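S.K.: Take this structure, written in structure tokens, and hold onto it; I'll ask about it next.
All of the numbers you see were taken from the coordinates with simple rules; none came from a lab. Since the model is a prediction, treat every value here as computed from it, not as a measurement. In this analysis, Cβ positions are derived from the backbone assuming ideal geometry, glycine residues included, and neighbour counts consider all displayed protein chains.
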Amino acid sequence: MKKPKVIQRNTTIVSTILFIMIIVSLTVFRVWLIKNRELVAITPSPHDMQLYITNAESIANGNWLGPYNERIITRGPVFPLFIAITYLLHIPLTIAQTLLYCAAAFLFLGCAIPLVKKKWILIPLYTLILFNPFMIDHETFFELTRSALYPALSMAVAMSCFGLVTSVHTAYKKSVFYTCSLGIFFFLFWYYREEGFFLLPLIGVCYGYSLWITWKQKKVSKKYVIALIIPILIFLGGTHIVSSVNKKTYGIYTAREFSYPSYTKAFSALLRIQPEEHNPLISLPKSTRQILYVVSPTFAKLRSFFEGEGGYDWARNSVVWTGIPPEEHELAGGAFHFALRDAIWRITRPSQKNEQLLFEKLTKEINAACKAKYISCGLLPISGFTLFNQEDREHFYNQFVNTIQTGVLADNLDLSTTPKYSHGPENQIALFKKMTRGIILTDNQRPPYQSSLVPFTNTYIQYWYQQFMPIIFLLSYVYFLIRLFKQQKLTFTDWFQASLLLCSLLFYGVVAFFGTIKSPTNTTASSYTSGAYALLLLFVCLEILTLQTKPTVKHRK
């Protein structure tokens, strides 16, 4: 006997309210979990944490990123903007970062609800995403390494793209929300860190599938085209605004200085040089610099820097990675970018125009030397690294395996609640406290009270994600392959899941490659490998949802 419609409607309302209450309660608990946790200020760090904080202070004071110098716009503007906005809104940075991640998790719910027969399956899946351990890891989240927003922005871009494709023909108003969301989040993602291109395959799959199906079913319309174009316009508009502000303030039309043609061409020319002494961790060995001083008059102007006090300081920072005494003046690859900027800035300041002209002259002279074969140059700017060299292959393979291990197994995470203390000049520590509105502990300071529930929850989270999630990842992947083999045709969700895996592998490959040839940092650390973990969680959740998918949402020919 069927229930009366009134009873069914009341039951549905009660069920919906209960579902919302559970979701909200989980979200509030997730925010509460980090409410009294301390941030760690690592100072002095003029090219990293300290740069983001001083940029943010300048933005909050209405002075954009601050007075121009050799590092002021080398990083993307998104993180300083985020810090400045949270400061102006009087929101502690840790809470703001958590709320952004929760918003990305809500996007998953919004996309998944139309796919399931019973929405209750979404509660454990939402919980799985919400308690992403990288978002509680000490290094990734509580140090200002720019990694705390990575999982949120990665997931927000992915789910916005998914929502756009699945709603553009069935719920146009909803698709307008997703198309605007995609444009905004992709702009933020692209200018947050430098390796944002790893999500391009996912966007390409989403757009390619939608265009193919729409063309095949003859559903191309003006509204459809507008929906696909809006994210591109938002991205280009945001880029133009930031570049125009930089042009007006600093005289250079670019959103990120390392993307400006004069800089990228100069760095590429230098990194094409194949050193006689093979060490992929060192971009430009001292022996190669000695040759460049002869063949490039412009580079010769930098000799007093690289072979003097400036080169010594940068070499001293590189010892921990190269193992070479600073007296040798050998610079690790990632440090070389900033060292070159430092060297050129010292002889061109305060003129941005002279700086650009010097980079352009340097590029012409090095390319001419390569063409005349005064120096040995390759085709690609990879600093002498080659997969034809067994040592390089082994080094890259080890980096790749270690990166995947750290990123998938989550075995290097630190979810302990033991107080972490900050050290550095008092004025810099004070600026960190001011701009983050967070808890920053220095010597002899007592940490705030922490409920015993916090360490208990963190221990449980760490145990679950380290012991069980690798197995779940593997089973989901195997089931995904078996399911695809049995299916007669692929749905959009299948293509989307495949793109999540592809982007994750690309991300881990980029991180490993960066660590192999350039980076003076530990690229297998949790903060560097956090970007793809949220994508893998999405893959698992979507695979579980295939068991609950409504037949009506399948894409048919």
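S.K.: When only C-alpha pairs under 8 Å and at least 6 residues apart count, what is the relative contact order of the chain, in percent?
M.R.: So the answer I get is 23 percent.
S.K.: Here's something else I'd like to know. Starting with the fewest neighbours, write out 530, 58, 147 ranked by other beta-carbon atoms found within 10 Å of each beta-carbon.
M.R.: Going from sparsest to densest Cβ surroundings: 58, 147, 530.
S.K.: Along the charge dipole of the chain, which of 79, 273, 120 sits closest to the positive end, that is, farthest toward it, with unit charges on the beta carbon of Lys, Arg, Asp and Glu (+1, +1, -1, -1)?
M.R.: Highest projection toward the positive end goes to 120.
S.K.: Can you work out the FRET efficiency for the pair residue 546 and residue 233, with r the C-beta to C-beta distance and R0 = 35 Å, to the nearest 0.05?
M.R.: The computed FRET efficiency comes out at 0.55.
S.K.: For the chain, what is the mean residue ellipticity at 222 nm derived from helices alone (per DSSP H run of n ≥ 4: -39500 (n - 2.57); sum divided by total residues; nearest 500 deg cm²/dmol)?
M.R.: -20500 deg cm²/dmol
S.K.: Which angle between 0 and 90 degrees, to the nearest 10, do you get for helix 352-371 versus the longest principal axis of the chain when only C-alpha atoms count?
M.R.: Relative to the chain, helix 352-371 is tipped by roughly 80 degrees.
S.K.: Now for a different question. Report, in listed order, any pair from 174/218; 265/420; 223/489 with a Cα-Cα distance greater than 31 Å.
M.R.: Violating the 31 Å Cα-Cα cut-off are 265/420.
S.K.: Another question about this same structure. Given axes a ≥ b ≥ c from the Cα gyration tensor, I'd like to know whether the chain is rounded (a/c under 1.5), prolate (a/b larger than b/c) or oblate.
M.R.: Taking the square roots of the gyration eigenvalues as a ≥ b ≥ c, the chain is prolate.
S.K.: Roughly how many nanometres apart are two label points built 7 Å out from the Cα toward the Cβ at residue 222 and residue 482?
M.R.: For residue 222 paired with residue 482, the spin-label model returns 5.1 nm.
S.K.: Relative to the Cα centre, what is the charge dipole magnitude of region 10-149, using +1 at the beta carbon of each Lys and Arg, -1 at the beta carbon of each Asp and Glu, and rounding to the nearest 20 debye?
M.R.: 660 debye
S.K.: For residue 171 paired with residue 28, estimate the spin-label separation in nm (one decimal), with each label point 7 Å from Cα along the Cα-to-Cβ line.
M.R.: Output for this residue pair reads 2.6 nm.
S.K.: Follow-up. How would you rank 302, 413, going from fewest to most other Cβ atoms within 10 Å of each one's own Cβ?
M.R.: If I rank by nearby Cβ atoms, fewest first, I get 413, 302.
S.K.: Return one quarter of the surface area of the convex hull spanned by the alpha-carbon atoms of region 274-371, equal to its mean projected area, in nm².
M.R.: Taking a quarter of the hull surface, the average projection is 6.0 nm².
S.K.: Using alpha carbons only, how many degrees (0 to 90, rounded to 10) separate the axis of helix 172-190 from the longest principal axis of the chain?
M.R.: 20 degrees
S.K.: Can you tell me how much longer the chain between residue 106 and residue 460 gets when fully stretched, taken as 0.36 nm per residue apart minus their C-alpha distance, in nm with one decimal?
M.R.: Fully extending the segment from residue 106 to residue 460 adds 125.1 nm.
S.K.: Scanning the chain for chymotrypsin sites (Phe, Trp or Tyr not before Pro) in DSSP loops with at most 14 other Cβ atoms within 10 Å, what's the longest stretch left with none?
M.R.: Answer from the scan: 1-252.
S.K.: Over the chain, what is the percentage of antiparallel beta bridges among all DSSP beta bridges, to the nearest 5?
M.R.: 40 percent
S.K.: If you place +1 on the Cβ of every Lys and Arg, -1 on the Cβ of every Asp and Glu, and leave all else neutral, what size is the dipole of the chain about its Cα centre, to the nearest 20 Debye?
M.R.: I would put it at about 3500 debye.
S.K.: Calculate how steeply helix 49-60 sits against the longest principal axis of the alpha-carbon atoms of the chain, using the helix alpha-carbon long axis, and give the answer as 0 to 90 degrees to the nearest 10.
M.R.: 70 degrees
S.K.: While we're here: Fewest first, what order do 139, 195, 309, 391 take by the number of other Cβ atoms within 10 Å?
M.R.: 309, 391, 195, 139
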